[in-house]
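Report on the following structure.
The values are calculated or read from the model by the stated rules, or taken from the named source; none is laboratory data. Bear in mind that the values here come from a model prediction, so they are computed numbers and not experimental data. Here the Cβ positions follow ideal geometry from the backbone for every residue, glycine too, while neighbour counts run over all protein chains shown.
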């Protein structure tokens, strides 16, 4: 999501961060689709990483961190005798924030 509309074909510089990982992903991308209306949405094709780690590797680490966190929650709930009940908490599967800049 972005606060302003993007044009299909636009080149972007992306910084993607998650509280689950120590390092951000800095990558280049190109807009491949958009959805009008606020908040604006866009599909981004990664064209390369600029932070030394590929986008695929960064997202693999993010998923591993999330799975590890979920496994720890299940272990804690099971030890507390609540292993067969829902916590009632609605956590997003992933929490990431992206900053988008138009490439010049």
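For residue 38, the conditions (1) part of a loop (DSSP other than H, G, I, E, B); (2) modelled with pLDDT of 85 or more; (3) under 20 Å from residue 3 (Cα atoms) are fulfilled apart from (2).
When you look at residue 57, is it surrounded by 11 or more Cβ atoms within 10 Å (Cβ to Cβ) and in a strand (DSSP E or B), yes or no? No. Checked against (1) at pLDDT 85 or above; (2) assigned to a strand (DSSP E or B); (3) loosely packed, with under 12 Cβ neighbours inside 10 Å, residue 67 passes all but condition (2).
Against the definition (loosely packed, with under 15 Cβ neighbours inside 10 Å, at pLDDT below 85, in contact with a strand residue (DSSP E or B) (Cβ under 6 Å, 6 or more places away or on another chain) and not in a loop (DSSP other than H, G, I, E, B)), how does residue 43 come out, yes or no?
No, not satisfied.
Scanning region 14-50 for residues that are in contact with a helix residue (DSSP H, G or I) (Cβ under 8 Å, 6 or more places away or on another chain) and farther than 23 Å from residue 70 by Cα yields 27, 46, 49. Within region 13-25, which residues are surrounded by 15 or more Cβ atoms within 10 Å (Cβ to Cβ) and more than 12 Å from the chain's Cα centre (by Cα)? Scanning region 13-25 gives a single hit, 13.
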